[in-house]
1. Please compute one quarter of the surface area of the Cα convex hull for segment 227-359 and express it in square nanometres.
2. May I ask you to rank His120, His375 by accessible area, largest first, using a 1.4 Å probe over the protein chains only?
3. Express in % the proportion of alpha carbon pairs of segment 228-282 at distances exceeding 13 Å.
4. In segment 376-429, if every C-alpha pair distance is counted and binned at 10 Å from zero, what percent goes to each bin?
5. Given just the C-alpha atoms of segment 85-144, how large is their convex hull per residue in cubic angstrom?
6. Could you order peptides 204-217, 328-341 by the average number of other Cβ atoms within 10 Å of their residues, highest first?
7. Above 18 Å lies some portion of the pair distances; for segment 206-300, what is it as a whole percent of all C-alpha pairs?
8. Ala151 versus Met295, label points 7 Å from Cα toward the beta carbon: distance in nm?
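The values are calculated or read from the model by the stated rules, or taken from the named source; none is laboratory data. Small disclaimer: the values here were computed from a predicted structure and weren't measured. Please note: Cβ atoms are built from the backbone with ideal geometry, for glycine as well, and neighbour counts cover all protein chains shown. Quick note on the areas: whole protein, heavy atoms, side chains included, nothing else; ligands and nucleic acids left out. Shrake-Rupley method; radii C 1.70, N 1.55, O 1.52, S 1.80 Å.
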Amino acid sequence: MSSATLMASLAVLISLVFATLASGAAGVRVELTRIHSGPGVTASQFVRDALRRDMLRHDARRLAASDDGMVSAPTRKNSLGGVGEYLMTLAIGTPPVSYPAIADTGSDLIWTQCAPCSDHQCFKQPTPLYNPASSTTFGVLPCGSPLSMCAVAPAPAGCSCPYNSYNYTYGTGWTAGVQGSETFTFGSSRADQTRVRGIAFGCSNASSDNFKGSSGLVGLGRGAVSLVSQLDAGRFSYCLTPFQDTSSTSTLLLGSSASLDGITGVGSTPFVASPATALDTFYYLNLKGISLGTMALSIPPDAFSLNADGSGGLIIDSGTTITMLVDAAYRQVRAAILSLVTLPTKDGSESELDLCFALPSPTSAPPDMPSMTLHFDGADMVLPPDSYMITYTENSLWCLMMGSRRDGEMSTLGNYQQQNMHILYDVGQETLSFAPTKCSML
């Protein structure tokens, strides 16, 4: 396995293949293509940057679960953009202006940077700025609209009237502007394009630079202003090719195209509702236990419990790279792996991973390991070794792609653990379904 292969970024560019979602009869199929890391970036460096972004996302969520959801926007910028995220190409306005936007299951707001915007206010993006003054279908969203951020988010989230302005904070950045209404165009060619009127979105005139490679963001969360909710898609699914596979394409499906019919080994588990308004966007799951092979780990039964104040629990997130478990659970996973592996441990600080083993040489195959099973309410998700361990050929390391969080904090099922798994979010039925799938063949 070459180091170039391992350096593949988890960021992917989404190009729409067909779209008839507006008719309600069919859905949207989306091809996902990985964007590679820059020259000279090793696999361990890429994972290190992704983990730092994961930490920022988690810290913002922890703050959102406290202080009544009050999260203030950062005042400085950092350079960890474009790591572990997915880019979705769509078009906005009349005439349509195409732009790539991060697709994020952990947020709701749809937004793009808008002209005029100086270099000091906006980050550099790959496409021209959308100019609302040049579109015949743009309108300012009234504060009385049910899709206004003032209506769907608590006041501390950053909404003010009468201009329906917002300040939206993420774990890795922030954006601010005025909420508008616009026509969005889906489809990769004129023959299969679908235009949807009246989509509420954010017209941002100030943003941090943590969204490099994109021109904005599309929220796919559970809230009213997300793309899934506004299109009344009902469901969506994705299937991510293995992290080490840099040539195959992944797939995202929206609407009735999203289905696991005819697939064997499908498991389904209900979403868990969050009691905290500031966290309503997340897809919470009830994780009841973890096994490694036939070994059931001694994890406290309440380790992943969602508390009345919104703390704790476990979410599934497309924008987080690795799975983060509360310490009481992570310690058991770590100990179980140590009990099965006879290789010497080695410092993995270069990639900021906690548990790494030294391979005899860059070409050495790691030892055989059993599958890891995540026991959800009503369904088991089986992870093969390549979905919880990673090999770094550049420094002969074999590491656990999981990390720990303080007990009582939120745990996260990251996208590394979701590879080669077709995952269906049925927002109408409030269930998550999944099945092992060779995603490059979907």
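1. Spelled out: convex hull of the Cα atoms, projected over all directions, averaged, 11.7 nm².
2. Largest accessible area first, the list is His120, His375.
3. Of all Cα-Cα pairs in segment 228-282, 75 percent lie more than 13 Å apart.
4. Values per bin, smallest distances first: 18, 40, 32, 9, 2.
5. Convex hull volume per residue, Cα atoms: 121 Å³.
6. The densest-packed peptide leads the list: 204-217, 328-341.
7. Tail of P(r) above 18 Å: 70 percent of Cα pairs.
8. My value for the distance between the label points is 5.4 nm.
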